[in-house]
């Protein structure tokens, strides 16, 4: 008796993780093997605009497809976790664009929070604390109920984010120069860090594209915080306290105060400062002593690509 053999499934799938600063794209096969990955610019349409978001998603996809000599019609499933997609109208516009660009693919557009939670705990119970251009906490209990806090934009939310930290740092420098606040090592480095010769250039830049200015300052604050600059440390400590409050809000909404819940930190501002990371961990331990901080199991874009496999296969069976 000969053993029956099965030809490999020639289907391919894409996963996107799109935020206010960068977009990751993963290409996987039907067996979840990562074939290629690429990084492009921002694709949160509420911050970068729809035209920029569409261009970024196309650019990232073109890179991974070209590496394996694939066409758009070879893609059978797409899951895109996009900042701002918590709004139905945003998700629908991004989904329409992807459906037209990849006519054979089953497409779903969800939030970047949803794919990051899957990257942390799969389909299980847990919470993520995202610290990037924006900030948010998102969680799911054992029954599948979800809750979120933060992530509603820089003007009345996103406390503790890179945007928030950069804005606070720039304001502190201005106050120090006007003798209205304490002196800080930030003052001597800020203009050079931003590549500007005077404050009028900074003001014009902030008015035009604040998302390009404030998050850019975060690494400087992180660096000086690790060197012990008092004001930088104060800004980072305040940010860590705000982030802890986001996580606790989600824990309380889901009634998980007494659970040994897993909390995963994600986003580009994590791992950039030993001082900031330690402050966040200490705040989480203080507010949620039963929780444990865990790493992501994979990149959110990889989790999205693996989610896309199920979508594609369900579409194929339905067809």
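Key figures
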read-out	value
Average projected area [Cα convex hull, the range 6-146], square nanometres	8.8
Semi-axis lengths, Å, the range 66-130, gyration tensor of Cα atoms, sqrt of 5 times eigenvalues	25, 16, 9
Debye equation applied to the C-alpha atoms of the range 124-296, log10 I(q)/I(0) at 0.09 Å⁻¹	-0.33
Semi-axis lengths (Å, descending) of the ellipsoid that matches the C-alpha gyration tensor of the range 115-162	22, 11, 6
Antiparallel DSSP beta bridges within the range 124-296, percent to nearest 5	60
MRE, 222 nm, helices only [DSSP H, n ≥ 4, -39500 (n - 2.57), over the chain, to nearest 500]	-15500 deg cm²/dmol
Label assignment, Cα Rg over 2.2 N^0.38 Å derived from the structure, set (i) 0.91; (ii) 1.08; (iii) 0.96	(ii)
Relative contact order of the range 124-296, defined on C-alpha pairs under 8 angstrom at six or more residues apart (%)	29
Label-point separation, residue 227 to residue 55 (7 Å along Cα→Cβ), nm	3.6
Mean separation of Cα contacts under 8 Å (6+ apart) over length of the chain, as relative contact order %	22
The range 136-202 and the range 58-87: distance between their alpha carbon centers, rounded to Å	31
Cα-based helix-to-principal-axis angle, 50-67 vs the chain, degrees rounded to 10	60
Residue 66-residue 152 FRET efficiency (beta carbon distance; Förster radius 35 Å; 0.05 resolution)	0.45
Choice from 182, 215, 295 showing the highest fluctuation, given a GNM over the chain with Cα pairs closer than 10 Å	182
Against the rule of thumb 2.2 N^0.38 Å, how large the Cα Rg of the range 241-284 comes out	1.22
Antiparallel content of DSSP bridges confined to the chain, in %, to 5	55
For the range 1-132, share of DSSP beta bridges that run antiparallel, in % to the nearest 5	50
The range 56-138, relative contact order [Cα under 8 Å, separation at least 6], %	26
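Every read-out reported here was derived from the displayed coordinates using simple, explicitly stated rules and does not represent laboratory data. None of these values were measured; they are calculated from a predicted model. Cβ atoms come from the backbone with ideal geometry, glycine included; neighbour counts cover every protein chain shown.
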